[in-house]
Amino acid sequence: MDTDSNDVQTAGAVGSQKTVHKFRQLADWAPVSLALFDLDMRYLELTQGWRDDCQLGDRNVIGLSHYEVFPDLPARWKDVHRRCLAGATERSESDIFLRPDGTLGWIRWEVKPWRDDSSNIGGIVMWTEDITVRKQMEDTLHANKERLKFLLSSSPAIIYTCEVEPPYAATYISENIIDLMGFQPEQFTDAPNFWAAHIHPEDSQLVFDQLGELFAHGHHAQEYRFQMADGTYHWVYDRAKVVYSNDGKPDQLIGYWADINEKKLAEAELRRSEASHRELFDSNPHPMWVFDRDTLAFIAVNDAAICHYGYSRDEFLAMTIKDIRPPEDLPRLLDNLALEWDGIDEAGLWNHCTKDGRVITVEIVSHALKFAGRNAELVLAHDVTKRNQAEIGLQTALREKTALLLEVHHRVKNNLQVITSLLRLEGFRCTDDPTKAVLQDMQQRVRSMALLHEIIYRKGTFAAVDLGSYLGQIAGESLKSLHAGRGTVQLRLDLGLLKVGLDQATPAGLLVSELVSNSLKHAFPDERSGEITISLHPLDLSDHWRLAVIDNGIGLPADFETRRESSLGLQLVADLASQMGGKLQVGHGPQAAFTIDFIALEPKALVINLNGDLP
């Protein structure tokens, strides 16, 4: 149009027939809209395309000013007209314009002067081309390209195209390769051997060999190691497709890469873990198996199960867990399987049947899991048949030994009671008062020992005695046997809970018996009333206790210390305190107070030799 418009030059005045004729010849074949104006911007001629684009319809605008036809024409267009009427030529490849109906469109335009035969400017000629549809298509294409670019750049996969001949040079690589591999796309497209050179040497031959599958089937996928920009190798998944030309020949390859390095490393770790767990499963010395919770069929068994139960692996895998249970245990088994649980289940003791017909007792621990996509349960069976038999034997022997010990204590108590009876009979026969008193004291001491054995016999415990309870009974027995017909003497007990062995309980009982007997004989003469207090309390130091026997009688005599050395009873009390691990202390106040501070010893365990006698 730039050169053709030069033909629109006339030598005559405005409206010359020659100029109009040439314009009409040009307009007949011009693919654009044309309008011819004089120096006053009056229409000389226009094409139908101009009418249509400017929405003029059938209106006769010849001779009318362009500004009259379009009174709201923007000033910038008037400026263009003025410059072109002065000799300038202006054009635009893309410009927006407002149509008379208010809609916006895009045009490509050019305005330049036309001259007459004398080379004088006679006006301007304008041509426009409505490129709105093209512009919309370009905008749509640009938006689609931007969307595709975004999708490709944000995709976890790298899109590529490449040639169909070795070395399969890349013709396009998506930009996300920068983030995913560290390379620039140009490094692939500018170097034909770039892709092939970065395949791991151990994988290269296999990759190229498998490309034959690609051309044989039109598509193919493979996994191999590819060197990243930082020099490390990553596993990639490469899926490619052949694009064929119109004549049916391979034209290019299109495909994508996905970095599957983490997946491959996880798979390798999983294989190592599975191998390790399989080895632990197979080498466990206890029978183990996995069964399907839906069908109850064995899925896997270890070597210990095969050895222990006598079935071969194939036999196990053709059985269900019901096949190794006695018929009477099946209801309990099915009830247990109906329970909903997760994690570890300590199912307790069960009876199982071996292939040779033996019934064994096993302790079951199981764990729910997924095995090869199935709801399964891992079971460990610990054979406790021999242990149970041994426990039954031990319990029988223990009952026998317990009965024997009880019988021993019962007989000791009876024998001590016989001795007491003999001493009492001898006392009745004796006429000498001092001798009678000695025999009575001996009765009381023997009775204290007999009471300890009676307590043991009744309680059935041999290793430890409740010292407070025992001393209370000793004191009560002493009061009843020695205080008949005398004044009112009360017994006040304040005894803490203390478990001691027989080694401390025996001397403590004799000691309390001796001191109570001494108080009843000497503290309350002439049927005098009073109170005897016996207390047992812990001290501040750990395991330290104090035993005290106090009366509110007449008190100790002035020459007590002299008598103490010759008194058999007091010497015996001091010895008994020593046997308890303490020391006797005597108070010299208005009351007779005897205290023993001692360390409470842990009761010794009763050791029973089930193959012989007590040690």
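The values are calculated or read from the model by the stated rules, or taken from the named source; none is laboratory data. All values derive from a computational prediction rather than experimental measurement. Here the Cβ is made from the backbone with ideal geometry for all residues, glycine too, and neighbour counts use every protein chain on show. Heavy atoms of the whole protein, side chains included, go into the accessibility calculation; ligands, DNA and RNA do not. Shrake-Rupley method; radii C 1.70, N 1.55, O 1.52, S 1.80 Å.
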Exercise. Could you tell me what percent of the accessible area of region 207-271 is made up of carbon and sulfur, with a 1.4 Å probe and every protein chain present?
Key: 51
Quiz item: With charges set only on the Cβ (+1 for Lys and Arg, -1 for Asp and Glu), what does the dipole of region 249-381 come to about its Cα centre, in debye to the nearest 20?
Solution: 340
Quiz prompt | Added length on full extension, which subtracts the Cα-Cα distance from 0.36 nm per residue, K604 to F560 | solution = 12.0 nm
Quiz item: R0 = 41 Å: FRET efficiency of F215 with L296, Cβ-based, nearest 0.05?
Solution: 0.20
Quiz item: Where the only charges are on Cβ atoms (+1 Lys, Arg; -1 Asp, Glu), what is the dipole of region 288-361 about its Cα centre, to the nearest 20 debye?
Solution: 280
Quiz prompt | Cut-off under 5 Å, modelled amide H: who pairs with L64 long-range | solution = Y43
Self-check item: Residues E90 and E186, FRET efficiency given R0 of 56 Å [Cβ-Cβ distance, rounded to 0.05]
Solution: 0.90
Self-check item: In Hz, Karplus ³J(HN,Hα) per residue of region 239-252 (6.51, -1.76, 1.60; θ = phi - 60°; x = Gly, Pro)
Solution: 10, 10, 9, 8, 9, 9, 7, 4, 8, x, 9, x, 9, 7
Quiz item: Across region 163-172, in residue order, what do the Karplus-derived ³J(HN,Hα) couplings come to in whole Hz, using 6.51 cos²θ - 1.76 cosθ + 1.60 with θ = phi - 60° and x for Gly and Pro?
Solution: 6, 8, 10, x, x, 6, 5, 6, 10, 7
Quiz item: What is the dipole size for region 81-206, taken about its Cα centre, with +1 at each Lys and Arg Cβ and -1 at each Asp and Glu Cβ, in debye to the nearest 20?
Solution: 780
Practice problem: Along Cα→Cβ, 7 Å out, is where each label goes; now give me the distance between the ones at A268 and N336 in nm to one decimal. | Solution: 4.3
Self-check item: Net length gained if the chain between S481 and K499 were fully extended (0.36 nm per residue, minus Cα distance)
Solution: 3.8 nm
Quiz item: So who's got an amide H within less than 5 Å of the one on V32, skipping anything under 5 residues away but keeping other chains? H placed 1.01 Å off N, in plane.
Solution: none
Quiz item: Which one of A368, V384, A347 has its Cα pushed farthest toward the positive end of the charge dipole of region 310-387, where Lys and Arg give +1 and Asp and Glu give -1 at the Cβ?
Solution: V384
Quiz item: Gain in length, S276 to Y172, computed as 0.36 nm per residue apart minus the alpha-carbon separation, to one decimal in nm?
Solution: 32.9 nm
